[in-house]
1. Just to be sure, is A235 surrounded by 15 or more Cβ atoms within 10 Å (Cβ to Cβ), assigned by TED's automatic domain parsing to the domain that holds N174 and either more than 25 Å from Q355 (Cα to Cα) or in contact (Cβ under 8 Å) with a residue 24 or more places away in the chain (or both)?
2. Take the residues in region 251-269 that are surrounded by 13 or more Cβ atoms within 10 Å (Cβ to Cβ) and among the charged types (D, E, K, R), then tell me which one is farthest from H346 (Cα to Cα).
3. Have a look at K284, K303 and point out the one that is among the basic types (K, R) and at pLDDT below 95.
4. Does any residue of region 99-111 turn out to be out of contact with any helix residue (DSSP H, G or I) (no Cβ under 9 Å at 6 or more places or on another chain) and closer than 18 Å to D277 by Cβ?
5. Sort out which residues of region 186-219 are on the phi > 0 side of the Ramachandran plot and either in contact with a helix residue (DSSP H, G or I) (Cβ under 8 Å, 6 or more places away or on another chain) or modelled with pLDDT under 95 (or both), and write them in order of number.
6. For region 122-135, how many residues meet the condition of being touching a residue at least 12 places away in the same chain (Cβ under 8 Å) and more than 21 Å from the chain's Cα centre (by Cα)?
7. Which of the residues belonging to region 267-281 are within 17 Å of the chain's Cα centre (by Cα) and either at pLDDT below 95 or not aliphatic (A, V, I, L, M) (or both)?
8. Among the residues of region 124-147, write down those that are over 23 Å from D277 (Cα atoms) and either of a type in the set (D, E) or surrounded by 21 or more Cβ atoms within 10 Å (Cβ to Cβ) (or both).
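The values are calculated or read from the model by the stated rules, or taken from the named source; none is laboratory data. Remember, predicted model here, so these are calculated numbers, not experimental data. Cβ atoms come from the backbone with ideal geometry, glycine included; neighbour counts cover every protein chain shown.
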Amino acid sequence: MSECRPSRRGLAALLAAAPAAAAAPAAAQTAPKPFSRDDARAVVRDARKIVRPDGIEELRQVELGGVPQWISVRGRDRRNPILLFVHGGPASTEMPTSWLYQGAWEDFFTVVQWDQRGAGKTAATTDNPAIMPTVTIERMVQDGEELVAHLRERYGKRKIFVLGHSWGTVIGLNLAHRRPDWLHAYVGMGQLLCWQENERVSYAFALREAKADNNAEALKDLQAIAPYPPPDRPATLDEVIKERIWVIHYGGLTMGRSDFDYDLNARKIAPEYADRDLSPPGFKDGEALVRLLPDLTAMDLRKITTLKTPVFVFAGRRDYQTPSQIAAAWLETVKAPKKGLFWFEHSAHMMHIEQPGKVLLHLVQDVRPIAAKAGDVAPEDRAGVD
């Protein structure tokens, strides 16, 4: 029978050929399925799945001001402090881009992303024409208060952290001023304080860069809206857009980038989102800003000079969307139990994406210890307690 036994070389060839032979009929019968956007979402969703039994991963609605609004709640240990991220825009949600930077935060915080009224998943599941008249600073701040109250009750927390970004800093700073007893601390990232001063400095930057660049198109657009901001009325959406196009072009939104495509493209494969959430029915791009412009034009939060909760400002050195020099000057006037100004030398307005490691470093080393001192972290994980 030895003559029927395959040689070593023959056996190796048979084994090598077997997978290809097995696959051949399937390959011949069906072409590979194109890799879709939903496939990409599933990959990201699975990769960031929280598997620890003491972790938390929720995507759900909570009613705020009579409007069901979507939140994401994620963290690897529910005993850690809650960090509520209040997105900017208005209507520029962070939930669909959070997969880019948030994963490491979830080791140290239970992170809550909130799609505000008239934005993102919330806009996709509400009657936007009916909701838009309620988009005011006061109503949005009240929504924020209701959300903080909900988080404290549901997760058994006496206090939480609030991090506001851009427009979200208007909500966040008002929360810190009104409800200091509910907060461990407030973090303002791209802090907006006075719209008129903000726009004046931002416009001057764009005009200065356009002149230095000898950019005829930019100069034409910017000079067409002068004086900007208008001294006697709210700016129009068209005026704001014209100014912002050139601020973005010259890296005032993201340092070293002339557009925002990287963020917009990341949203397309957000694991929490479907296509409908990216383009909500009845949603008009920019309408939330139009609704808020009268309120914003009259707003000057620099008058808030006393806070009863710690306050930290994360400031991008190249930020001309919400120029950091305004926030830095304001913080010098503020009296608070604790305060800190942290500069991000290689960032503009999007420092959580531009320098994510440094944002995490400050959150863990400078912000989280406040909760650790209060015992609001996992008992075996109290690093940073003085």
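1. Numbers: surrounded by 15 or more Cβ atoms within 10 Å (Cβ to Cβ): yes; assigned by TED's automatic domain parsing to the domain that holds N174: no; either more than 25 Å from Q355 (Cα to Cα) or in contact (Cβ under 8 Å) with a residue 24 or more places away in the chain (or both): yes.
For A235, the condition - surrounded by 15 or more Cβ atoms within 10 Å (Cβ to Cβ), assigned by TED's automatic domain parsing to the domain that holds N174 and either more than 25 Å from Q355 (Cα to Cα) or in contact (Cβ under 8 Å) with a residue 24 or more places away in the chain (or both) - is not met.
2. The qualifying residue farthest from H346 (Cα to Cα) is K268.
3. Details: K303 fails: at pLDDT below 95.
On inspection, the qualifying residue turns out to be K284.
4. no
5. So in region 186-219, the residues on the phi > 0 side of the Ramachandran plot come out as 190, 214.
Selection gives G190 alone.
6. Kept after step one, since they are touching a residue at least 12 places away in the same chain (Cβ under 8 Å), are these residues of region 122-135: 122-129, 131-135.
Now drop any that are not more than 21 Å from the chain's Cα centre (by Cα), which leaves 126-129, 131-134.
So the count comes out to 8.
7. Of all residues in region 267-281, those within 17 Å of the chain's Cα centre (by Cα) come to 267-273, 277-278.
If the condition is that a residue be within 17 Å of the chain's Cα centre (by Cα) and either at pLDDT below 95 or not aliphatic (A, V, I, L, M) (or both), then R267, K268, P271, E272, Y273, D277, L278 are the ones that fit.
8. Once the filter is applied, which keeps residues that are over 23 Å from D277 (Cα atoms) and either of a type in the set (D, E) or surrounded by 21 or more Cβ atoms within 10 Å (Cβ to Cβ) (or both), region 124-147 yields E138, E145, E146.
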